[in-house]
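Q: Pasting a structure here, questions to come.
No lab work stands behind these numbers, since they all come straight from the coordinates. Since we're looking at a predicted model, the values are computed, not measured. Reconstructed Cβ throughout: ideal geometry from the backbone, glycine too, with neighbour counts over all protein chains shown.
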Amino acid sequence: MNLGLSLPALLLALVFEVASCRAEGLAPSWLHEGARTHVDGQSDDLVTGGLGAEAMLGSPPAYADPVHPTAAELRRAALFYKGSSGQGFGRLFGPNINAETGEVYSDGGKIAGAEILAFDDDGSGRQNVAMLLQIPVNLSVERRCLVAVPLAGSSGLFRDIVDFGFWGLRHRCAVVYTDKGHGNGFHLLEPDTVNLLDGRQVPASEAGKTAQFRADFDDAARRAFLAERPNRVAFKAAHSKQNPEKDWGEDVLHAIRFAFVELQGRDPAFTRENTIVIGTGSSNGGGAILYAAEKDTEHLIDGVVAREPQVQSRKDDRVVVARGSVERRGSGRTLLDYFSFGNLYQPCAVLAVRDIPLKERVPYAANRCQSLRDKALLTADTLEGQAKEALDRMHDYGWDPETDVGHAFGYFVAPDATATKYSNDHGRFDVRDRLCGYSYGAVDKDGRPIPVPEAQAAQNFAIAPGGAPAGAIDVINDDDPTGPRRSWLSMSRSTGRQDFNLDGAICIRDLVTGHSSSAQRVQAGIGEFLASGKLDGKPTIIVHGRNDDRVPVSFSSRPYVGLSSLMDGEKSQLSYIEVTNAEHFGTDLPGFDSRMVPLTLYHLRALDLMWAHLTNKSELPPSQVVRTTPRGGEPGKAPPLQMPNVPPISQHPSHSDVIKVERGRVAIPD
């Protein structure tokens, strides 16, 4: 490519060059490409949609016509990622900050380049795993590089760009994303509309096989279901009937192959042999990148950075995690196991935690305690005793006391929605099955089902986190004796009180522990994707917050590190970094602002360390606890985070901070 071209001409040439791969027969049969665009880095860009990093401290962008947003407007809104200056976004880290010098880039975090959307599908239109490739205009040819990012949660393609995906673009790497078969695919059943790859909501008949997701039934069946349950919604992360977790690793590897098809079409010299490939992700994305590394028999990935990975490991009782005088044997718990257990006890347990932020957002906690006692799931007779017993049960099950701070917020973020989503997902249930009496739809202020508001239907691609709750759309308890109602507000039929639908929570728990046909389907689905821990010596850094209440370290990272040490032995190159005063969501709400630091900063630092290792052969840091200092101050008025609050990951940690890993045993210092 002629680097002497003007910027617009250079961008246009970039788009034409990446298209040439088709003529050369490089594209695999599963690859179905969509729109190709270029952005100038001013009016629009790859990271902020033309808004600039400072705009992320404000309100989301508006639409010219909220009911008829354009694909470009939906993309810009999906890119918006709410940052907090108090936590350091835009000051200490972010797309507008030079990590080496701390200086602010003059471009405001905007980066020019090309963007290609694509699907990974077998031709049926049922998989349609969404992918996005971003190629910066200054893509390096001196040190070729690619960063692969499986998305966090069940989020859409643009979710992680402002959070950490920009890191790759700043290093002049191409960055490829995959939604792992989840993503923002909604089928609004009443109007019979679906999302396209670019986010627009269109009639299902018009979308055909290009829909992000379409419920697996014909029109007559759809109408029959709605006659019984009006105003319901299906979404991909729950109702795809694909159990996509089993393919998360392959989805990442396919995304990397897609990127090389495009990059080689642009420049045949862009080969796997001369390109550094880093895989990185957060939460579900962190788990997915570990699964990909385990499946990487073709050595498509050079190094891995996983942040707070939601990784579920196969059973191995040789694994032991020791912290102080407490030892836990085994390779952790599956997500649905600990979510279904927490979904039972967490709302009662919040009453036993002093100074817990957002306790007021769990208004029926006392009712849940009493209902648990009535069903002999607790034994204490007083409310205080019931709350303490519930909290003790969570601790005994594996939650560390450091996670207590997040119990109210964690429950408010809707574990019932997460538990129902994954139950449907793992068991390959249909939206019509209404597993455990749950369904999904928009609700009014009293929690009663209503049509999805027109503006939300149009904007769902940018609003929704890949499922319910999203705007007016939430989980509905169809078994409420007063009629279908939002589960959060509903009454349990067996207790006659508002207790956050304890009946539904017990039913979901039985899917994990029981023997019914539905339980067998769910448990079989879980068995299809458990991690082996075998990284085959691939350089890997895992970063996790000790206060993580959503994906607790005791169920995920700690035992995975032990399992991996058994599988890889002396060739292991896995470094585990556990950060104090860091929780899963990075929220800056009152009570978290004064107590927590952002784990994102350590994710970016781990990427820098992996880059140095792969480019300069620098040593990876030893496994360690990084001890941070909270911002302090009054909740809601915490002073701004400063660098002394967040010390670096050390190449030479003190003896008291070293995490020792040997033959399946992981020793964590207090």
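Q: If packing is taken as the average count of other Cβ atoms within 10 Å, what order do 396-403, 130-137, 323-330 fall into, highest mean first? Could you put the intermediate results ahead of the total?
A: Details: 396-403: 18.1, 130-137: 25.1, 323-330: 13.4.
Highest mean packing first, the order is 130-137, 396-403, 323-330.
Q: Mean residue ellipticity at 222 nm from the helices of the chain, using -39,500 (n - 2.57) per DSSP H segment of n ≥ 4 over the full residue count, to the nearest 500 deg cm²/dmol?
A: Helix-only estimate at 222 nm: -9000 deg cm²/dmol.
Q: While we're looking at this one, here's another question. Taking the DSSP beta bridges in the chain as the whole, what percent of them are antiparallel, to the nearest 5?
A: Details: 48 of 81 bridges.
Percent antiparallel among DSSP bridges in the chain is about 60.
Q: Sorted by packing (mean other beta-carbon atoms within 10 Å per residue), highest first, where do 435-442, 351-358, 55-62 land?
A: Numbers: 435-442: 24.5, 351-358: 17.5, 55-62: 15.0.
Going by the mean number of other Cβ atoms within 10 Å, highest first, we get 435-442, 351-358, 55-62.
Q: Follow-up question, since we're still on this one. Apply 1/(1 + (r/R0)^6) to the Cβ-Cβ distance of residue 445 and residue 517, taking R0 = 30 Å, and write down the FRET efficiency to the nearest 0.05.
A: Details: r = 38 Å, r/R0 = 1.26.
So the FRET efficiency works out to roughly 0.20.
Q: For a Förster distance of 51 Å, can you work out the FRET efficiency between the beta-carbons of residue 267 and residue 375, rounded to the nearest 0.05? Before the final figure, lay out each step's value.
A: On the way: r = 64 Å, r/R0 = 1.26.
E between residue 267 and residue 375, to the nearest 0.05, is 0.20.
Q: In debye to the nearest 20, how big a dipole does the chain give about its Cα centre with +1 on each Lys and Arg Cβ and -1 on each Asp and Glu Cβ? List each step's numbers first, then the result.
A: Values: 71 positive and 85 negative charges, 159 e Å.
Computed charge dipole of the chain: roughly 760 debye.
Q: What's the magnitude of the charge dipole for segment 305-381 around its Cα centre, counting Lys and Arg as +1 and Asp and Glu as -1 at the beta-carbon? Answer in Debye, nearest 20. The partial results should precede the final answer.
A: Details: 14 positive and 9 negative charges, 37 e Å.
About 180 debye.
Q: Quote the relative contact order of the chain in percent (integer), defining contacts as alpha-carbon pairs under 8 Å separated by 6+ residues. Write out the running numbers ahead of the final one.
A: On the way: 1555 pairs, mean separation 91.5, N = 670.
Result for the chain is 14 percent.
Q: Set the bar at 19 Å for Cα to Cα. Now go through 180/295; 315/538; 295/660; 209/236; 241/421 and name every pair that lies beyond it. All intermediate terms of the calculation are to be shown ahead of the outcome.
A: Details: 180/295 15 Å; 315/538 22 Å; 295/660 26 Å; 209/236 14 Å; 241/421 12 Å.
Pairs exceeding the cut-off: 315/538; 295/660.
Q: For segment 562-670, which trypsin sites (Lys or Arg not before Pro) pass both filters: DSSP loop (anything but H, G, I, E, B) and at most 14 other C-beta atoms within 10 Å?
A: Numbers: sites: 571, 595, 605, 617, 627, 631, 637, 660, 663, 665; in loops: 595, 617, 627, 631, 637, 663.
Qualifying residues, ordered by number: 617, 637, 663.
Q: In whole Hz, with x marking every Gly and Pro, tabulate ³J(HN,Hα) for segment 408-420 from phi via Karplus 6.51 cos²θ - 1.76 cosθ + 1.60, θ = phi - 60°.
A: 5, 5, x, 6, 5, 6, 5, x, 5, 5, 5, 5, 5
Q: To continue, here is another question. Arrange the peptides 296-305, 417-426 so that the one whose residues have, on average, the most other Cβ atoms within 10 Å appears first.
A: Values: 296-305: 19.7, 417-426: 26.3.
Output ranking for 296-305, 417-426: 417-426, 296-305.
Q: Moving on to the next point. Compare the Cα positions of 379, 288, 173 along the charge dipole of the chain (+1 at Cβ of Lys, Arg; -1 at Cβ of Asp, Glu; about the Cα centre) and return the one farthest towards the positive end.
A: In the chain, that residue is 379.
Q: Is any residue of segment 511-539 close enough, with backbone N under 15 Å, to a label point placed 7 angstrom from the Cα of residue 318 along the Cα-Cβ axis, and if so, which?
A: Inside the label zone: 532-536.
Q: What lysines could a cross-link reach from residue 388, if we take a straight Cα to Cα line under 22 Å and drop same-chain neighbours fewer than 8 places away?
A: Hits, sequence-local ones excluded: 359, 375.
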